[in-house]
Ligand SMILES: Cc1cc2nc3c(=O)[nH]c(=O)nc-3n(C[C@H](O)[C@H](O)[C@H](O)COP(=O)(O)OP(=O)(O)OC[C@H]3O[C@@H](n4cnc5c(N)ncnc54)[C@H](O)[C@@H]3O)c2cc1C
Ligand code: SF4
């Protein structure tokens, strides 16, 4: 976005009668007009025309955004608030005006290559090597599945092996850089990115598969935007499973299943059908759609540094998404993102089971095998 | 502005009631809370002018908190401006004398649906679309379809006597409200019980509906629901002029038909809004109709209405223009480059009159506003058995900010004066806010005195939204 487009977009949005605010998750978390697309645009417009600088609270408002792009779905003039926020954060970081609550995240990624403060040496502690398969595939595990949602990583490897892949999990995989890119620390993110590109390009494999849509989007969109290209095709697990899985003959799964579209997979990457198709093939059940779904899906609350800086608000957003699932009578909520799963599972009670797609698929397959036995 | 010492005391005492997290004195929050959808505010923001903002913003969670806050503000004599969705179109939430912005968005519980009575009880901060989507799940509609549905909330609808585009059938918010809870300035909580009708003195809830935050804070309402209609059908009829269109509309209502939508576009609005999508003759006026109800009833009403229109010289355009308007009804409110570039402004004066003077009000306003250099287009937007409203849209572009502000004021003045001269009433659904505040006394005539006495009795210290509804202007 050049400076003229930026000025046009924030001026347009500052004049809008809040036509997308009802879908803005941070509006619903705070119930205030400040953390909304229109609120952010007014602050930036005032700043751009020299009327009022961003004060500390305005900086905070810029960081009270999930960059989920839900507003864009509702915006006829196509004002891209997520990109505007990301550009602004980059500038704030360069001026050393970002919230100090992000320091730990940044330092951890710089030092340990994950945002959780975990030692890099334990990144693949969940992984059990096994040989014998034919086609080599790299599983880019991502930080959340490596450290916080290891059952997803384990399930993914087991599934990929079961459909004939030799799975490579890399000891020297680093954070993809997404948490840093989204919060404005671009040079630090690029250190991670350059390392990953070098490692990935040195491997001979059919494809790289990611379960985390944040990693997926960063690898396929952000890296090339920064002049970094990966030689091997990068695929999201939902797409690969959709291609490889055939429908199960008979399934007696009778629970109501709903699906939560991760923002990075849905709105940012345009993948809506593949995970639904996988769920249908493997369970025999059509997804019962939540009130807001596909390009209109509500964010889970776990993106763009929001949970790091404002954990209570992030959890309120997650809880409200859980309520959406319950409103359609779901017993099972499937998503296709370790990060979303982590948030949603944390907000759900025992009446709703939350799975990431590979976990759900593996669970269904095992169920069927048990039945056959 | 209320002075640093009082501000600190008030903020601390309010925080004592609702907690520190829900009170702020940050300028950024105060400024953003002041932004509604008043085109003049938005034009000033575009021009880089700061708009007035409150000293303190508070976000109460329930009626008891509202009550305690009002008692504190009464005691400290601090102005209080309630904030709903902040999508009002005439500056109603602008806190001209500073003080407290009481933002009700956290009071967003849908308390419950009574299926036997087909009513819903809601808190004031529930956003219109959230309420509509909620009741839709149970097979109901509120029937309230203003185009601000995504941003405005129930309290705002009530405080401004809002009207949806289907008010011909379902009524305006004042018709839909069976019960009301209000906190008056001394902190007392007033309940007006939910009943369909009563005869126990005047209907006191109507004192507060439309009071725009000047008499108290609306905290809860019981609203009617309707079953989602089995069928909604659209029909469009093009007339040679507005006279024949209005005659046809009157005849439709007299025949006992109640369409849900009745919108007659004048020739300029037809050229601007309809002609880009459908082939229409120059100088013709498009009527958009919709019918809600059972399949048989709707088919009959539609056919009879079409016959009436054709008898008045209309050409049948089928469902196209009407359906398209319904599907794209939000589009015209999105900001466009054209309307936000340079020093430009577009606004609407929505007025209402009985049939005997409706057309005169139209011509007179159009002429008066055009004489101030405005481009004017109009549709008759909400029609009833006895008359209806007009949505007089105007546009002006000027070389600099000062010329725009003064031109804007002159266009408004010319429009309202012409409306009054021909016996119209200056707002049908948007309310008074700041744009019409100084005309309220003229509008209400001798009854303005009654409004002032009610204000004096309920709000003797004049803390509630001072400067609005023509009352409480401070020197
Ligand atoms: C795009 C767009 C389309 C619109 N279309 C329509 C339409 O079709 N029909 C229509 O009627 N209007 C329409 N409007 C105007 C406006 O939305 C309505 O007047 C609406 O009722 C205002 O509600 P709000 O919640 O946004 O109120 P706000 O702007 O927040 O407040 C309006 C006034 O009400 C007072 N107030 C708010 N809440 C309370 C409360 N709980 N207690 C006491 N006072 C309170 C405020 O102090 C202020 O004076 C439209 C506006 C926009 C921007
Ligand atoms: S993002 Fe688009 S729809 Fe949302 S407030 Fe801005 S201009 Fe309006």
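The numbers here are math on the coordinates, done by the rules we state, and not lab data. In this text the structure is predicted, and so the values were computed from the model without any measurement. In this analysis, Cβ positions are derived from the backbone assuming ideal geometry, glycine residues included, and neighbour counts consider all displayed protein chains.
Tell me, Kirkwood radius of chain A from alpha-carbon pair distances, in Å?
Details: mean 1/r = 0.0471 Å⁻¹.
Here the Kirkwood hydrodynamic radius works out to 21.2 Å.
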Inset, instruction - Quantify how much of the Cα-Cα distance distribution of the protein assembly as shown extends past 45 Å, in percent. - result: 33 percent
Inset, instruction - Assuming R0 = 30 Å, can you tell me the calculated FRET efficiency for the pair residue B:174 and residue B:243, based on Cβ-Cβ distance, to the nearest 0.05? - result: 0.50
Inset, instruction - Evaluate the distance, in nm, between pseudo-label points positioned 7 Å from the Cα of residue A:323 and of residue B:400 along their respective Cα→Cβ axes. - result: 5.2 nm
Inset, instruction - Rounded to the nearest 10 degrees, what's the angle between the helix B:355-370 long axis and the longest principal axis of chain B, both from Cα atoms, 0 to 90? - result: 70 degrees
Legend entry - Peptide-level mean, for A:37-44, of C-beta atoms on other protein chains within 10 Å: 3
Inset, instruction - Kindly state, as a whole number, the per residue volume in cubic angstrom of the convex hull around the alpha carbon atoms of the stretch B:332-445. - result: 101 Å³
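Computed over the Cα atoms, what is the radius of gyration of the stretch B:231-332 divided by 2.2 N^0.38 Å, N being its residue count?
Details: Rg = 12.6 Å, N = 102, 2.2 N^0.38 = 12.8 Å.
So the Cα radius of gyration is 0.99 times the expected 2.2 N^0.38 Å.
Using a 10 Å cut-off around each Cβ of peptide A:58-68, what is the average number of partner chain Cβ atoms that fall inside? Could you put the intermediate results ahead of the total?
Numbers: counts 6, 1, 2, 4, 0, 0, 0, 0, 0, 0, 0.
Rounded to a whole number, the mean comes out at 1.
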Legend entry - Cα-Cα P(r), the stretch B:4-105, percent of pairs per 10 Å interval: 17, 50, 26, 7, 0
Legend entry - Spin-label model distance (nm) - residue A:273 vs residue B:133, 7 Å beyond Cα toward Cβ: 2.5 nm
Legend entry - Extent along principal axes [Cα atoms of the stretch B:388-443; Å; largest to smallest]: 35, 22, 20
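Expressed in whole Å with the largest first, what are the equivalent ellipsoid semi-axes of the stretch A:245-372 derived from the C-alpha gyration tensor as the square root of 5 times each eigenvalue? Please list the in-between numbers first.
On the way: eigenvalues 131, 45, 33 Å².
Value: 26, 15, 13 Å, ordered largest first.
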Inset, instruction - Compute the long axis of helix A:273-283 from its Cα atoms, compare it with the longest principal axis of the Cα atoms of chain A, and write down the angle in degrees, 0 to 90, nearest 10. - result: 30 degrees
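Taking R0 as 25 Å, what's the FRET efficiency between residue B:329 and residue B:255 from their Cβ-Cβ distance, rounded to 0.05? Don't skip to the end; give the middle numbers.
On the way: r = 26 Å, r/R0 = 1.06.
That pair, residue B:329 with residue B:255, gives E of 0.40.
For the stretch A:98-236, take N as its residue count and report Rg(C-alpha) divided by 2.2 N^0.38 Å. Spell out each step's value before the answer.
On the way: Rg = 14.6 Å, N = 139, 2.2 N^0.38 = 14.3 Å.
Cα Rg divided by the expected 2.2 N^0.38 Å: 1.02.
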Legend entry - Average other protein chain Cβ within 10 Å of Cβ, residues A:4-11: 1
Legend entry - Unit Cα scatterers, Debye sum, the stretch B:110-227: log10 I(q)/I(0) for q = 0.11, 0.12, 0.17 Å⁻¹: -0.32, -0.38, -0.78
Legend entry - Rounded tilt (10° steps) of A:3-14 against the dominant C-alpha axis of chain A: 90 degrees
Inset, instruction - Based solely on C-alpha atoms, express the radius of gyration and the Dmax of chain B in angstrom. - result: 22.4, 71
Inset, instruction - Quick one: plug the Kirkwood hydrodynamic radius of the stretch A:3-98 (C-alpha pairs) into Stokes-Einstein at 10 °C, 1.306 mPa s, and report D in µm²/s. - result: 121 µm²/s
Legend entry - Label point distance in nm, residue A:78-residue A:225, each placed 7 Å from Cα along Cα→Cβ: 1.5 nm
Inset, instruction - Would you mind putting B:404-413, B:56-65, A:25-34 in packing order, based on average other-beta-carbon counts within 10 Å, highest first? - result: A:25-34, B:56-65, B:404-413
Inset, instruction - List B:237, A:87, B:426 from most exposed to least, where exposure is judged by having the fewest other Cβ atoms within 10 Å. - result: A:87, B:426, B:237
